[in-house]
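Here's the structure we're looking at; comments come further down.
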Amino acid sequence: MAWRIIPVNDFDIKIFDAWDKRWFALTAGDFRQQHYNTMTVAWGSLGIMWNKPFAQVVVRPTRYTFEFMEQYDSFTLCAFDRRFRSALQLLGSRSGRDSDKIAESGLTLIPSQRIAAPAFAEADIIIECVKMYWQDFDPSHFLDPDIEKTYRLRDYHRIYFGRILTIQCRDDSQPNK
């Protein structure tokens, strides 16, 4: 199936559905060097910051993907049709430290258009990003006390903003479905 580049300003997606119900696969590393890891992310945002289109993701320092987010300057976010839910559950529940969870998922990595981080051939949407900012969550800034309940181990996320360079969509898919 062919891919088409979508101009960032024309990208249209049901944003809450994408993060909450479909999830994304976040992948960082270098495809050519065969050094990368992936995890699912259900928390994040897409928008404009510093006059640039961005994707914002959060990664706990205990996750193996954190090491790749720190070492490399790019990442991809891949959205999938619901029929790939079990593969995404596997990617989100196993560590790449302990097994080749990407191979176990049955998904296929492919090179990205403009960055080193790989994407997935089975994805409906591929968003390629270059990191432009990071910051660790500071619990003293939580205004809602319920947020702290998310961090029983005090393993506060690091937030990353990535400037969106390219968005690709499958010719046969509709990104807002």
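The values are calculated or read from the model by the stated rules, or taken from the named source; none is laboratory data. Computed from a predicted structure; not experimentally measured. Cβ placement follows ideal geometry from the backbone for every residue including glycine, while neighbour counts extend to all protein chains displayed.
When L165 is tested against (1) more than 18 Å from L46 (Cα to Cα); (2) free of Cβ contacts under 8 Å to residues at least 60 places away in the same chain; (3) in contact with a Lys or Arg (Cβ under 9 Å, 6 or more places away or on another chain), just one condition goes unmet, and that condition is (1). Summed over the stretch 94-117, the residues that are in contact with a helix residue (DSSP H, G or I) (Cβ under 9 Å, 6 or more places away or on another chain) and closer than 20 Å to G162 by Cα give a count of 1. Cβ separations smaller than 6 Å between residues 6+ apart or across chains give the following pairs from the stretch 142-158 residues that are touching a residue at least 40 places away in the same chain (Cβ under 8 Å) to residues that are part of a loop (DSSP other than H, G, I, E, B): D155/R60; D155/T62; Y156/F137; H157/R60; H157/F137. Quick check on my filter: what residues within the stretch 48-71 are buried (at least 21 other Cβ atoms within 10 Å of the Cβ) and among the hydroxyl-bearing types (S, T, Y)? Listed by number, the list holds a single entry, T65. Against the test of being over 14 Å from the mean Cα position of the chain (by Cα) and at pLDDT below 95, the options D138, D144, D171 yield a single qualifying residue, D171. Give me the residue from the stretch 16-47 that is surrounded by 14 or more Cβ atoms within 10 Å (Cβ to Cβ) and among the aromatic types (F, W, Y) and, out of that set, nearest to S95 (Cα to Cα). Restricting to residues being surrounded by 14 or more Cβ atoms within 10 Å (Cβ to Cβ) and among the aromatic types (F, W, Y), the top hit is Y36. Looking only at the stretch 75-111, count every residue that is hydroxyl-bearing (S, T, Y) and surrounded by 22 or more Cβ atoms within 10 Å (Cβ to Cβ) and tell me the total. Residues meeting the conditions: 1. With the condition kept exactly as written, say whether any residue in the stretch 133-141 is hydrophobic (A, V, I, L, M, F, W, C) and closer than 20 Å to W43 by Cα. Yes, the stretch 133-141 has at least one match. Out of everything in the stretch 21-35 that is within 13 Å of the chain's Cα centre (by Cα) and at negative phi, what residue ends up being modelled with the lowest pLDDT? Per the criteria, the residue is R22.
When you look at T166, is it at pLDDT below 95 and either touching a helix residue (DSSP H, G or I) at 6+ places or on another chain (Cβ under 8 Å) or among the hydroxyl-bearing types (S, T, Y) (or both), yes or no? When the stated conditions are applied, T166 does not pass them.
Among what's in the stretch 97-125 and is farther than 14 Å from R32 by Cα and of a type in the set (K, R), pick the residue that is modelled with the highest pLDDT. Taking the candidates together, the pick is K101. Scanning the stretch 20-38 for residues that are under 19 Å from D124 (Cα atoms) and among the small types (G, A, S) yields a count of 2.
From the list S86, S95, S99, exactly one residue is free of Cβ contacts under 8 Å to residues at least 40 places away in the same chain and in a helix (DSSP H, G or I). Which is it?
S86
Counting just the residues of the stretch 57-83 that are closer than 21 Å to Q168 by Cα and assigned to a helix (DSSP H, G or I), which one comes out modelled with the lowest pLDDT?
Of everything passing the filter in the stretch 57-83, R82 is modelled with the lowest pLDDT.
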